[in-house]
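As structure tokens, the structure follows; a few thoughts come after it.
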Amino acid sequence: MRNLFRSFFTVSFFTTFSRILGFIRDIFIAKYLGSTVISDAFFVAFRIPNFFRRVFAEGAYSAALIPVLSGIVINKKNNKDAHDFIESTGSFLFFSTVILTIIFYLGMPFFIQILAPGFTKNIEAYNYAVHFGKIIFPYIIFISLVSHFTSIMNVHGRFAAGSFAPSLLNISLIFSLLVYSSFFSTAGHALSYGVLLGGLLQFILMYGSILKFYRPLLKIPKINQKVKNFFKLFFPAIIGSGVIQLNIVIGTIIASFLPIGAISHIYYADRLNQFPLAIFGIALGVVLLPSLSKSIKKFNFKEINNIQNRSLEFSLLISLPSAIGLFILSFPIINILFQRGEFLPIDTYYTSQTLSIFSVGLPAYILIKVLVTCFFAREDTKTPLYISIISVLINIILSLIFIQTMREMGIALATSISAWVNALLLFLILKRNKDFELDNKIKKNIFKIIISVLFMGLICFLLNENWFVNLDQMAFSLKVSLLLIIIALCNLIYTLLIFMLKVITIHDLKSYIKK
């Protein structure tokens with residue numbers, strides 16, 4: 001457990017750094033693009049490779065590769081077995097993404113019609129989306145190989161380089177916007193080429209890092225039993241691990257029929273909602289999978305149950321206050337971060353409302369990352385797949401119902417409800433299979449966490465209602481100062497309550513960081 005939490009803090013640190021850069025990036029995007037035709041077109045175009053990135057880098061690929069490679073490493077087979085497996089899977093990934101890139105490049109007009117069917121009534125948005133999509137899509141080749149190298153390093157307990165790599169994409173996009181007026185016709189063109197540059201930089205970083213363990217080579221993949229096991233896990237995991245992203249893609253498709261700006265509002269809200277998800281949910285999933293896989297391979301059931309319970313407990317400890325904070329403070333957060341330049345007050349209203357509703361599903365998103373990992377570590381990717389299909393169907397039906405009266409907020413509500421259904425089903429099946437038993441500690445702590453969150457939420461609500469009465473008339477520096485004070489004060493209150501109620505003790509903290 002100590003190694004798991006030390007690794008978690010490493011991943012969280014670099015992920016936090018990357019997400020801060022991501023906020024800076026989004027501030028620039030909002031300033032230069034706002035919620036316009038070009039911004040909607042870029043977000044639609046970027047959604048396609050970004051979907052593959054999140055599924056590969058944060059889900060399916062690692063879910064298939066890490067358990068199989070962990071088995072090879074734990075069984076102490078010779079390095080040739082590991083090399084053959086890594087080269088075969090890496091070569092498969094490279095050749096398949098090259099073919100995929102060619103298909104999408106040639107068929108981009110068709111795929112944009114699928115992803116944003118509402119754009120067919122807006123020729124300008126449609127043409128921009130097709131053009132940006134052709135520029136961006138080769139990014140998937142670089143980022144898929146990055147996920148391959150990252151998964152290998154994670155098996156060996158090395159998480160820093162893979163966690164830092166996304167920062168290079170954000171740096172590239174910020175740089176592209178700063179220089180776009182000198183080299184590109186629109187900010188959308190600059191961002192599209194910036195995505196490509198970011199992918200290349202991440203590939204260079206991870207290729208250099210992986211050389212300490214293996215020297216990757218391209219070859220015709222050998223289809224042995226280990227590679228077959230990888231494929232059996234990989235294909236179901238594509239949908240099973242990508243349910244959140246699938247729901248966002250579905251939201252984009254439906255939102256394309258809404259007025260211009262709706263897709264951008266969903267993007268900005270989702271980005272903020274993804275912040276705690278990336279820092280805690282994805283980070284926990286990244287370090288949990290190799291640790292849990294190795295414990296399962298060793299049949300260490302006491303350690304398995306302890307890892308699962310503490311991971312679930314930690315995810316609730318972090319996700320519940322994060323959700324409450326985003327729900328209550330959505331309007332001042334959006335106003336401070338984005339309302340400038342092309343991003344207008346009406347955009348702040350719709351984006352903040354969408355963010356509030358997205359935040360309702362935040363704990364479920366983080367729980368899904370933990371619970372899905374419990375299946376993946378046992379080399380079961382089919383069960384999450386079936387549950388994901390149910391979740392996606394619920395999302396589609398509810399989106400079509402809610403969008404009639406709630407615009408993009410209806411899409412956010414449908415996504416949140418479907419996420420909770422997904423998380424609940426995952427947990428119930430794990431419990432039915434006797435793969436997850438809640439211990440006495442987590443049963444006691446859940447009640448204490450809820451009490452702490454409710455008290456913190458009440459303080460946050462009162463401060464927000466009294467301090468941000470005339471938000472648009474306040475000086476920017478004052479708004480920022482008040483928001484930071486509220487966040488710091490609420491965090492302090494929540495932390496004190498957690499320690500007072502002994503959800504976490506000083507001894508626990510020492511044990512997590514002790515070498």
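Label sites at D81 and L496, each approximated as a point 7 angstrom past Cα along Cα to Cβ, lie 5.6 nm apart. Computed from phi, the 3J(HN,Hα) profile of region 329-334 under the Karplus parametrisation 6.51, -1.76, 1.60 (θ = phi - 60°) reads 9, 4, 5, x, 5, 5 Hz, with x in place of Gly and Pro. A straight Cα-to-Cα reach below 14 Å connects K431 with the aspartates and glutamates D439, residues fewer than 8 places away in its own chain not being considered. Listed by chain and number, the aspartates and glutamates whose alpha-carbon sits under 20 Å from that of K443, ignoring those within fewer than 8 places in the same chain, are E303, E313, D435, D508. Amide hydrogen proximity for R378: with H placed 1.01 Å from N in the peptide plane, no residue at 5 or more positions away or on another chain lies under 5 Å. Residue-wise HN-Hα couplings along region 377-382, as the Karplus relation 6.51 cos²θ - 1.76 cosθ + 1.60 with θ = phi - 60° gives them from phi, are 5, 8, 6, 10, 9, 6 Hz; Gly and Pro carry x.
Between region 95-169 and region 422-499, the alpha-carbon centres lie 34 Å apart. The 3J(HN,Hα) values that the Karplus relation (6.51, -1.76, 1.60; θ = phi - 60°) gives for region 348-357 are, in residue order, 4, 4, 5, 5, 5, 5, 5, 4, 4, 6 Hz. Gly and Pro appear as x. Say R0 is 25 Å: what FRET efficiency, to the nearest 0.05, do I220 and L100 get from their beta-carbon distance? Working from the Cβ atoms, E equals 0.85. With unit charges on the beta carbons (Lys and Arg positive, Asp and Glu negative) and the dipole taken about the Cα centre of region 439-515, which residue among C490, N445, F455 sits farthest to the positive side? Among C490, N445, F455, the one farthest towards the positive end of the dipole of region 439-515 is N445.
Here, each number is a calculation from the coordinates, and none is a lab measurement. Only a predicted model underlies this, so the values are computations on that prediction, with no experimental measurement involved. With ideal geometry, Cβ positions are generated from the backbone for all residues, glycine too; neighbour counts draw on all protein chains shown.
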